[in-house]
1. Please compute one quarter of the surface area of the Cα convex hull for region 122-164 and express it in square nanometres.
2. Run the simple label-point estimate for Leu372 and Trp259 please: 7 Å along Cα→C-beta, distance reported in nm.
3. Using a Förster distance of 25 angstrom, determine the FRET efficiency expected from the C-beta separation of Lys267 and Ile244, and round it to 0.05.
4. Where in region 500-590 are there chymotrypsin sites (Phe, Trp or Tyr not before Pro) that are in a DSSP coil and have at most 13 other Cβ atoms within 10 angstrom of their Cβ?
5. Report the gain in length on full extension from Phe208 to Ile474: 0.36 nm times residue separation, minus Cα-Cα distance, nm rounded to one decimal.
6. Around Arg410, with a cut-off of 15 angstrom between Cβ atoms, what is the net charge of the other residues, counting Lys and Arg +1 and Asp and Glu -1?
7. To one decimal place, what Kirkwood hydrodynamic radius in Å is obtained for region 179-260 from all pairs of distinct Cα atoms?
8. Determine the sum of side-chain charges near Phe308: Lys and Arg each +1, Asp and Glu each -1, restricted to other residues whose C-beta is under 12 angstrom from that of Phe308.
Amino acid sequence: MSDKTILQENTKDIPNSSEDKFLFSQSTNNKLGEESAELSTNNVVDQDSSVYEDASKEKVVIETRGVTRIEAVRRKMNLKIFWIFATSIFLTAWVACLDSSTTYSYQPYATSSFNRHSMLSTLQIANSVIGAVCKPFIAKISDLSSRPLTYFLILLMYVLGFIITACSPTIAAYVIGSVFIVIGQSGINLMNSLIVADTTKLKWRSLFSSLLSLPYLVTTWISGYIVEDIVNSNWRWGYGMFAIITPVALMPAIVVMSWLEHRANKKEEFDAKAPADIQKTNPEKKHMAGVMEQWKNIKRALIEIDAFGLVLLGFAFSLILLPCSLYSYASGGWRNPSMIAMEVVGGVLLISYGIYEIWLAPFPLLPRRVLLNRTFICCVIIDFIYETAGYFSLLYFTSYTQVVLDLSYRNWVYLSNTTTMGLCFFGIVWGIVFRIFRRYKVFQVVGTGIKLVGMGIYVACTTRKGSPGVGIIIAGMIVTSFGDAANVVGTQIAAQAAVPHQDLAATISVLSLYSSIGAAIGTAITAAVWSGKLPDALYKNISDHQTATDFFESVTRIWREPWGSPNREGAIRAYQDVMHVLFAMGLGVSSIMFLVSLFQTNYYLGDQQNCVEGDQEEDYHFNADGSKKTLLKRVVDFWSRPLF
């Protein structure tokens, strides 16, 4: 899957054509940090074919209609229209940041209002799986149709989700609304990332991608006032307001893109007509032929995005992970037949998914050149471990701080957003560092080590008797965020640099997919530890068992207890005991990231779109002249001159 209208290949391999030619600069591969030279290329875009074979028999994926249209839109933009469009996209990113900064804080209150606070982990698992699996679908819809249409469909689901959630009379309705919301959130974030990847050079990409999260540096501070006022009145308005704000922010960008597409279509800058054989038929046959053609396109699109495999994977992980948070509600716990059946069926579906992807899938989720790419493999492992270990500490972290610290609503929200603010601020800092040094590996390795120090501070928090204090918790959050930002930005730029341009969108989607699966697994494990250990810890430290049961179901019930009261002190001891286990698990699992980061590649970040072309593979065993590298040389290649 590609992200531009123009093919990026060497001129010696692709002949010139008088039709459908565009001028586009593409730099050659960089090896061991050498500067790349820009080459002007005239390329052929065949509207009727999905694959073009050049003289060297290399297959090049041709960009689809949606990518062609967004390129036409970009060419049609003048300065005034561009600023209107950019402002709308930035405002949308701003609203998305405000959404993330506030709605997460409403979840404990929403679930507690239904007496289902412990179901928070179940909701997180479902949202993680759905949000991950939907991204490849959204990416393909955007390629097959157009960017504004995709944005509009995403916006529709986003608004619908907030309306349902705000009006939800039951926990079931709240969960349904949350599903629509997470699809809208995933779609907006994906589209923004694809647009940045389409329009920036590699040396600038990490910085500009980080700027999409710049609004967090402001929303973190204003969200506390918003959450405090809304919680004191009605948490439902915290969701409902986004059904009004988001369309106002995004609709100008949708209108601008649609209008420019219409202008480009009138000037026939891209082919939006029906095939010639359909145009010659009578109206009735033309309608039927058009319907059949649309059905064929839909069927082909579902096959190309591996829809069956994605659905199979989604069901498999859902059935495997959901029992980890549901077993405490089932009669007999893990011995309940429903829990056993879900695990067995989920395991069978997961095995079936592996067999299908290896031997049966017409279009596997990723081509072999990406699946066997050393950089991509390292990125998947690092992101997977990052999300899994991260949720050990983060899933119930806001509940933990609300119980063990004496904070107001406003200050509690500030503290809850510290990690997000740190990731965004330090992400921009690391983006500047990558731009200056044009390398990422050594900083990613150092960042992983810093993260481990931060996780160690979290463990130290839980060894203290009583409340650990605000200072040590904030120190752990800042140190961890500084290290995590290097991992997030480094993995993002490494994955995008290591694949051909036609695989860029698929790589972004699939990397996010496996990251979300890691988050779901981390959530499931955390939920199992939480549900298994917290009730016993509460019963141990609180004399009244009914009060302990109420505390397990509603964190706000604990918060209302006077600071220093026996029940509050007992709850603090219980939370300290359980979070000690989760923090220690996070520290141990995160150490895997450090080992994997040592095997990460270290491409030179220059003026190119990415650092590989066509089906070229990374070769760490042979030199450019064909001679075999020595063991020492291969070890040195792990670092690839990291600073210069």
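Quick note: the coordinates plus some simple rules give every number you see, no bench work behind them. What you see is a predicted model; the values in this text were computed from it and never measured. Because the Cβ atoms are built from the backbone with ideal geometry, glycine has one as well, and the counts that use them run over all protein chains shown.
1. Hull-based average projected area comes out at 3.2 nm².
2. Using points 7 Å along Cα→Cβ, the separation is 5.1 nm.
3. E between Lys267 and Ile244, to the nearest 0.05, is 0.10.
4. When the chymotrypsin sites (Phe, Trp or Tyr not before Pro) of region 500-590 are filtered for loop state and at most 13 Cβ neighbours within 10 Å, Trp563 remain.
5. My answer for the length gained is 93.0 nm.
6. Neighbour charge sum, excluding Arg410 itself: -3.
7. 15.3
8. Net charge in that neighbourhood comes out at -2.
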